[in-house]
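To start, the structure under review is shown below, and the notes come after it.
The values are calculated or read from the model by the stated rules, or taken from the named source; none is laboratory data. Keep in mind the model is a prediction, meaning the values are calculated, not measured. Note that we place each Cβ from the backbone using ideal geometry, even for glycine, and neighbour counts take in every protein chain shown. Surface accessibility is based on the protein's heavy atoms, side chains included, excluding ligands, DNA and RNA. Shrake-Rupley method; radii C 1.70, N 1.55, O 1.52, S 1.80 Å.
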Amino acid sequence: MRVDPCFFCGRPAWPSKGITFMRNDGKSFRFCRSKCHKNFKMKRNPRKLKWTKAYRKNAGKEMVVDSTLQFAARRNVPVRYDRELFAKTVKAMERISEIRQRRERIFYKRRMAGKRAREVAAARKLVAENEHLLPRLRGSEKRRLAELAQETGQDVEELEREELAKKAASKKTKAFGGEVKRLRVRTDGGVEEISERVAGGGLVDEEDDDENDFEDVDDDDEMDTD
């Protein structure tokens, strides 16, 4: 059973699956799915599409030079049937597939080595360029944290990071739903507690919301009476 690779993406095209296109000059093109066939008819370059084998090979994301890849090359040489030769060939194919998988894992580990360090470097660069957007501590807060560090023996930088994290968490608001309580000072000197509902567009006062509800009800009553 011969498993031909897809002409466009390079994936295996299994027998009785996919599409075979025969050109007028007699050349056949094997496609694993209709997606590859459509891109081929639109004359797209597979080396410019990220989901193809050709792109991954050009980008250095897959093995290109390896001895195990030579066994998959197509050879149009007739071979006389020999039972022992075919049995040895099947065993060799299993062994070669194991070796190729192991080498692919090693190639992937080498390719991804240092990725974490590059991500950290990119993150630090981003923070350094946009440092003015980060929350800052006031001078009085820094002095208070320094005194606290002297008393407790903790590190000042750790205390500052914790304080900044608390500030950032306090500034976060829910996009949908929530409740905020505020104190309103009346003219007579009394204090009144007001609960405001946080909506997607901002704060909505419950009293105003109730008044709007009453207005809607009155309008409906007038329409019914008419």
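Go ahead and run the numbers for FRET between Ser34 and Leu126, Cβ-Cβ distance against an R0 of 45 Å, rounding to 0.05. Please report the intermediate quantities before stating the final value.
Working: r = 42 Å, r/R0 = 0.92.
With a Förster radius of 45 Å, E is 0.60.
Extending each Cα 7 Å along its Cβ direction at Asp188 and Asp155, get the distance between those two points in nm, one decimal.
5.7
Net charge within 15 Å of Glu98 by Cβ-Cβ distance, Lys/Arg positive one each and Asp/Glu negative one each, not counting Glu98 itself? List each step's numbers first, then the result.
Details: positive: Lys91, Arg95, Arg100, Arg102, Arg103, Arg105; negative: Asp66, Glu94, Glu104.
Surrounding charge for Glu98 is +3.
For Lys17 and Val90, FRET efficiency with R0 = 35 Å and r from the beta-carbon atoms, rounded to 0.05? Walk me through the numbers on the way to the answer.
Working: r = 22 Å, r/R0 = 0.64.
Calculated transfer efficiency: 0.95.
Note down the nm distance, to one decimal, between modelled labels 7 Å out along Cα→Cβ at Arg136 and at Arg56.
4.9
Using 25 Å as the Cα-Cα cut-off, could you pick out the over-long pairs in Lys50/Lys91; Lys35/Lys61; Lys142/Lys181; Lys50/Lys115; Lys35/Lys109? List each step's numbers first, then the result.
Numbers: Lys50/Lys91 34 Å; Lys35/Lys61 22 Å; Lys142/Lys181 29 Å; Lys50/Lys115 20 Å; Lys35/Lys109 31 Å.
Long pairs (Cα-Cα over 25 Å): Lys50/Lys91; Lys142/Lys181; Lys35/Lys109.
Convex hull over the alpha-carbon atoms of the range 36-82: what's its volume per residue in Å³?
Dividing the Cα hull volume of the range 36-82 by its residues yields 133 Å³.
Can you tell me the FRET efficiency between Asn24 and Arg44 if r is taken as the Cβ-Cβ distance and R0 is 30 Å, rounded to the nearest 0.05?
0.90
So what is the accessible area of the range 90-148 per residue, in Å², with the probe set to 1.4 Å? Display every interim value, and only then the final one.
Values: 5320 Å² over 59 residues.
It amounts to 90 Å² per residue over the range 90-148.
Can you tell me what the convex hull of the Cα atoms of the range 10-148 projects to on average, as an area in nm²?
Numbers: hull surface 68.6 nm².
Answer in nm², one decimal: 17.2.
Along the range 64-75, what does the Karplus equation 6.51 cos²θ - 1.76 cosθ + 1.60 (θ = phi - 60°) give for ³J(HN,Hα), rounded to whole Hz, x for Gly and Pro?
Residue by residue, the range 64-75 yields 10, 10, 7, 5, 6, 6, 6, 5, 7, 5, 7, 10 Hz.
Report Rg(Cα)/(2.2 N^0.38 Å) for the range 1-69, keeping two decimals. Working shown, then result.
Numbers: Rg = 12.9 Å, N = 69, 2.2 N^0.38 = 11.0 Å.
Dividing the Cα Rg of the range 1-69 by 2.2 N^0.38 Å gives 1.17.
Could you sort Tyr55, Tyr108 by their accessible area in this structure, using a 1.4 Å probe and putting the largest first? Mind showing how you got there, number by number?
Working: Tyr55 60, Tyr108 120 Å².
Accessible-area ranking of Tyr55, Tyr108, largest first: Tyr108, Tyr55.
Pop out the carbon and sulfur fraction of the accessible area of the range 1-143 as a percent, whole number, probe 1.4 Å. All intermediate terms of the calculation are to be shown ahead of the outcome.
Working: 6550 of 12310 Å².
For the range 1-143, the apolar C and S fraction of the accessible surface comes to 53 percent.
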